[in-house]
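**Q** The structure's right below; bear with me while I get my questions together.
FYI, it's all coordinate maths here, none of it is from the lab. Remember, it's a predicted structure, so these values are computed and weren't measured experimentally. Every residue, glycine as well, gets a Cβ built from its backbone with ideal geometry; the counts of neighbours run over all protein chains shown.
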Amino acid sequence: MGLTYFGHPLSCAAALATLKIYFDENLIENSKNMGAVLGEGLEEIKKKNTIVGDVRYIGLFSVIELVQDRGTKEALQAELMNEIKSHLLADGLTTFINKNMVYICPPLCINQEELLTGLQIIDRAIGKVESRT
């Protein structure tokens, strides 16, 4: 069952080319390896910053939950989240932020140096806001 463009030869060719790149460039293995680095870095950020309520991650897909109080898990205020977003952008890091969640979903081809740089930028932005709470 499908619609007009389901299984269209052009779409299938693009999908096959994408899968070839995933395997040729070891992107799945890189995701696994860099995901471990990401998880360790996020856990360090959580230990260091009390406004981090929790971190969740699998592979290179992750999120940082920011809270006013770890005990109650009350979400960090919107104006403080906007400030974090401004700090991230000022340091050259673009990511998705929704309510009190900072999503970290780097490309599968990211290397360790780039990943650690991104985590430092995130840690610095959170630290700036935390120092004022």
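**Q** Using helices alone, I'd like the mean residue ellipticity at 222 nm for the chain: each DSSP H run of four-plus residues gives -39500 (n - 2.57), total over residue count, nearest 500.
**A** -17500 deg cm²/dmol
**Q** Mean Kyte-Doolittle hydropathy of -1.0 or higher plus an axial Cα length of 27 Å or more: which whole DSSP H helices in the chain meet both?
**A** Passing helices, by number: 27-48.
**Q** Same structure again: In the chain, how does Rg compare with the Kirkwood Rh, expressed as the Rg/Rh ratio over alpha carbon atoms?
**A** 1.10
**Q** Would you mind getting me the FRET efficiency between Thr94 and Phe6? Use the beta-carbon distance for r and R0 = 30 Å, nearest 0.05.
**A** Efficiency computed from Cβ-Cβ geometry: 0.40.
**Q** Filter Lys20/Lys128; Lys20/Lys85; Lys47/Lys99; Lys20/Lys46; Lys48/Lys99 down to the pairs with a C-alpha to C-alpha distance above 31 Å, please.
**A** Table pairs above 31 Å Cα-Cα are Lys20/Lys128; Lys20/Lys85; Lys20/Lys46.
**Q** For the residue pair Gln120 and Asp54, what label-to-label distance in nm results when each label sits 7 Å from Cα along the Cα-to-beta-carbon direction?
**A** With each label point 7 Å from Cα toward Cβ, the separation is 3.1 nm.
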